[in-house]
Amino acid sequence: MSELQLAFTNTAGLSSVMSFWVFVASNGFSKRKELLTKIGLGVMIVGFLSLTAAIIARGIEAQRFPLANLYESLLWFAWAVMGAYLALSRSYGINQLGWIASLTAATMFLYGSWLPASQHDITPLVPALVSYWRQIHVPPLIVSYAMFFLAGLSGFIQLYRAGRLFSLITAVVTVVLALTAVMLGTFTATDTTLLQLMFAGASLIGTVIAFAKLDTVDKARVDIRGAELYDDVSYRCIAIGFPLLTIGIITGGLWANHAWGTYWSWDPKESMALVTWLSYAAYIHLRIHRECSAEKLSLVAFIGLLLTLMTYLGFNSLGLGGLHSYGKFK
Amino acid sequence: MPILASVKLTVVLLALTAATVLVGAWCPQEAQQGREKIIEQFGADTAKILIDCGITDIFHSPWFLLLIGLLTVNMVACSMQRVFPKLRLLKQPLPFLKGKEIGKLPVNARLPSANDASILVYVEQWLRKRGFKIKRQDNCLVAEYGKIGRLAPTITHIGLLTLLLGVTVTSWCGFSGFKPVLAGGALSFEDSEHSKLWIGKLPRWYVRVDTTRREDHPSGDPKQWYTHLTVVSPDGTPLKEQEISVNNPLSYDGVDIYQSSWGLDHLLVSFNGKPRQLDLRQMGKTYAAFLPLDEGSILIFSVRGQKTPVRIFAKRADWDAPKLLAEMTENKPAQLGAVTLRCEQIVPATGLQYKCDPGLPITYVAFGFIIIGVMLAAIPHRHVWVCMAPPPSENFPPAAAGHYLYIGGRSLKAKVGFQRLLDGLIAQLKDELRINPGDDAEKSPKIDDVVSELGKEPAKDESLAFPSPVASGHSPATGEG
């Protein structure tokens, strides 16, 4: 990795951490909220531009499209999260999502920085990846994953504004446990069966409790307008992410057919992407169902977030690789 | 039966299908990874339970096929009952709403105005610049944006049904398979896989593997695999020649042949002129052949590629690690005591995947429909109604200029963006009409108020529940379908 690329990447990583703290501070100092929000947004823009430059620099250095391993996909994911937040902030004028978006980007930078040097280094492509289909198939998927993350996180804010604190805390703890399983699977030699149980168990129990306690409302915290605003933001993210996921899955099928003669082979990651697609298809159908409340939809978006986490990072880190094990390094 | 077309059934079936596919993603499938992998992963006892329950072949299980069948029936019923009829609604003209009806819309405002048609012309031009299509009648106009977005569910459903058709044609008429072939060997299609309900036929021609090679990066990692193939008729006549590589297949007579994998198969060596074949096994980046000499010692032949030297190691039971004895190439033999070892040939094998997929054109058309459908779904469908009218009754506060300009609209996607759009229009109209803050204008609510108001609407997806108010007979403010 060149010095220039490293400098851009580090600037982007630091910016995401800084913007997180500035956004957090903006919630604590109501008198300076507007100023601090603007600073947080400004720092996020610096981070986004730096990351754009880092990705371009990496592409120039590698003489190929810079999206071929886990580290590079994490850079793209953080880029998409930051870019999507900036676009949403412009459309909706929302600030609350800022600290969660920058925290997500910072977590991905941290995750990427802990990966071994072989991931950071620019290495030759394996024969299967030497194809123009790579730049058609992978970016829509990574951007869709970022949109689904933001949709799930907007759903968390919706639950908070709707006073569903118990369900919210359960959902947050569940995501933290699932992410911990992914981290342990990536960086330690922990038995993958245990980690699979941790991920699946936490997801299942967390989802059941979150739904069961959805009627527990802290009325003092209810902010209907805010809740409906973040419900709209969550839906908007899914409305953008769903077509991208569809395009990613279909172009993957076209590539597989071009390279291996079959557009669908029930590979674990393919299947998992289909599960994610089905879950968001269910979300969209639930959306037109008049009895489904915004809070239930937020929890469906939370389930989608867990499935996205499993599809994107879980399968390789929890030992379920298959054909799509390019991101695997252990 | 109404339940077959219900959205509730769709959601339940989608959730059950997702759960089934999730189990299939977690558990290795026999069709892809073989039974040995399942036994290795779970142990013999657990593997037996999984196999008996059908979990190791879940995508061919009656349960999964039932789910797909029900989803198909649900999709057809739903499409016929609700989705396809919406196409007719596209042709129906939108109604021109009057002041009272506009006042019921989620976003609306009332501005005092003179009975001046130039105001409506101004609004018409303003909306037209922003992509709206306008219809005008007397002192009213109706504007529509993103009508094409209403086609999204129809096109997506057509795509999904077409996909099922393509998959069915492939299943009934197609075949596929994989075979590792040595250089000089041949690939025929007798052992191909196809479904039980198969009505296709296998080609009589075969494919000869002329040469195969691997190209490496300077680091020694594989860069590309190449195989030169010749299609040969049953009487031995060459029909087509091509060098294939990964992502670059050969196509002939509806059959595609792909470079799927590559490896070194065996080593031909001679011991003092006596030939012997040693099978190679992949060991990371290298291949190795093992030749036991006696109970405690073994010769190991290590080879990295077709053009690299063969390294000969010896390993005894009491040694910690193998010891390098010699290297040999096809031109340079190795001498081990009284034995001359010569490398005669390093023989590669090319992994060839083949398939005949008559349903593919249909499947590709389906992919096109689905992609277009889901992309159209992101386009917001918006309506704006404007009407200039006198106060509705004597009790109504009289407008200073004699008339009111009623303006309102709805958008069930990107509501906040729509609210901002109309806010901009209303602000400019106030300038045009020279309305001061204290004047008799009923202001458009703030964004948060409107978001709150929009949230009360029962139907939340405009593409599926956004008919013409005239056609539905409901108030447009309800968004009923």
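The numbers here are math on the coordinates, done by the rules we state, and not lab data. Remember, predicted model here, so these are calculated numbers, not experimental data. All Cβ positions, even for glycine, are placed from backbone atoms using ideal geometry, and neighbour counts span all protein chains on display.
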Viscosity 1.306 mPa s, temperature 10 °C: what is the translational diffusion coefficient of the range B:289-352 from Stokes-Einstein with a Kirkwood Rh over Cα pairs, rounded to a whole number of µm²/s?
124
What distance in nm separates the two pseudo spin-label positions at B:L182 and B:T329, each 7 Å out from Cα along the beta-carbon direction?
2.5
Classify chain A from the C-alpha gyration tensor, please: rounded if a/c falls under 1.5, else prolate or oblate depending on whether a/b exceeds b/c.
oblate
Indicate the helices, whole DSSP H runs only, in chain A that combine a mean Kyte-Doolittle hydropathy of 1.0 or more with a Cα extent along their long axis of 30 angstrom or more.
A:33-62, A:165-187
Most positive-pole-ward Cα, A:A78, B:V231, B:S192, against dipole of the protein assembly as shown from beta carbon charges
A:A78
Grab the beta carbon distance between B:L197 and A:I224, set R0 = 56 Å, and tell me the FRET efficiency rounded to 0.05.
0.50
Suppose every Lys and Arg Cβ carries +1 and every Asp and Glu Cβ carries -1, with no other charges. What dipole size does the range A:30-148 come out with about its Cα centre, to the nearest 20 debye?
440
Can you give the relative contact order of the range A:40-112 as a percent, counting alpha carbon pairs under 8 Å and 6+ residues apart?
36
Relative contact order (%) - chain A, alpha-carbon pairs under 8 angstrom, separation at least six:
20
For the residues B:L66, A:L184, what sequence is obtained by ranking on other C-beta atoms within 10 Å, fewest first?
B:L66, A:L184
Answer with one residue from A:L103, B:G99, B:F175: the one whose Cα lies farthest towards the positive end of the charge dipole of the protein assembly as shown, charges on Cβ with Lys, Arg +1 and Asp, Glu -1.
B:G99
Between B:L291 and B:D431, how many nm apart are label points set 7 Å from Cα along the C-beta direction?
9.2
Please compute the Kirkwood hydrodynamic radius of chain B from all pairs of different C-alpha atoms, in Å with one decimal.
29.7
Give the shape of the range A:36-146 as rounded, prolate or oblate, defined through the alpha-carbon gyration tensor: a ≥ b ≥ c are the square roots of its eigenvalues, a/c under 1.5 means rounded, and otherwise the shape is prolate if a/b is larger than b/c and oblate if not.
prolate
Proximal aspartates and glutamates relative to B:K104, as straight alpha-carbon distance under 14 Å, when same-chain residues fewer than 8 apart are discounted
B:E442, B:E453, B:E457, B:E480
With bins 5 Å wide starting at 0, give me the P(r) of the range B:76-152 over every alpha carbon pair, in whole percents.
3, 12, 18, 21, 19, 11, 8, 5, 3, 1, 0
Under a point spin-label approximation (7 Å from Cα along Cα-to-Cβ), what is the B:H60-A:S118 distance to one decimal in nm?
3.6
Please give the FRET efficiency for B:I3 paired with B:D221, using the beta carbon to beta carbon distance and R0 = 35 Å, rounded to the nearest 0.05.
0.05
Multiply the residue separation of B:E36 and B:R316 by 0.36 nm, subtract the distance between their alpha-carbon atoms, and state the gained length in nm to one decimal.
97.7 nm
Post the alpha-carbon centroid distance, the range A:71-130 to the range B:35-88, in whole angstrom.
34
Taking other Cβ within 10 Å of each residue's Cβ, how do B:E243, B:E30, B:E36 sort, fewest first?
B:E36, B:E243, B:E30
Cβ charges +1 (Lys, Arg) and -1 (Asp, Glu), total dipole of the protein assembly as shown, debye
1440
Output field shielding_mean for B:370-383 (other chain Cβ, 10 Å radius) holds 3
Within a 10 angstrom radius of the beta carbon, how do B:M375, A:M108 rank from fewest other beta carbons to most?
B:M375, A:M108
Among the helices of chain B (complete DSSP H runs), which have Cα atoms covering no less than 30 Å along the helix axis and a Kyte-Doolittle mean of at least 0.5?
B:152-173
What's the longest bit of chain B with no exposed trypsin sites (Lys or Arg not before Pro), using DSSP loop states and at most 16 other Cβ atoms within 10 Å as the test?
B:308-433
Loop-located chymotrypsin sites (Phe, Trp or Tyr not before Pro) in the range A:26-93, at most 13 other Cβ atoms within 10 Å (DSSP)
A:F29
Tell me, what is the FRET efficiency for B:F84 and B:A19 to the nearest 0.05, using R0 = 22 angstrom and their Cβ-Cβ distance as r?
0.15
The lysines whose Cα lies under 24 Å from the Cα of B:K323, excluding any fewer than 8 residues away in the same chain, are B:K285, B:K307, B:K315, B:K332
Across peptide A:236-244, how many C-beta atoms of other chains are within 10 Å of each residue C-beta, on average?
4
Shape call for the range B:115-252 from the C-alpha gyration tensor, a ≥ b ≥ c root eigenvalues: rounded (a/c under 1.5), prolate (a/b greater than b/c) or oblate?
prolate
What lysines does B:K196 reach when the alpha-carbon gap must be under 18 Å and sequence neighbours fewer than 8 apart in one chain are set aside?
B:K355
Any idea how far the Cα center of the range A:12-66 sits from the one of the range B:329-368, in Å?
49
Percent relative contact order of chain B, based on C-alpha pairs within less than 8 angstrom and at least six residues apart?
21
Take the Cα atoms of the protein assembly as shown, build their convex hull, and give its volume per residue in Å³.
210
Largest first and rounded to whole Å, the semi-axes √(5λ) derived from the alpha carbon gyration tensor of the range A:83-171 read 33, 16, 13
Among B:L13, B:V416, B:A31, flag the residue with its Cα farthest along the positive direction of the charge dipole of the protein assembly as shown, charges on Cβ as +1 for Lys/Arg and -1 for Asp/Glu.
B:V416
Surrounding charge for B:T230, neighbours by C-beta under 15 angstrom, Lys/Arg +1, Asp/Glu -1, total -3
With only Lys, Arg, Asp and Glu charged, each at its Cβ (+1 for the first two, -1 for the last two), find how big the charge dipole of chain A is about the Cα centre; round to the nearest 20 debye.
600
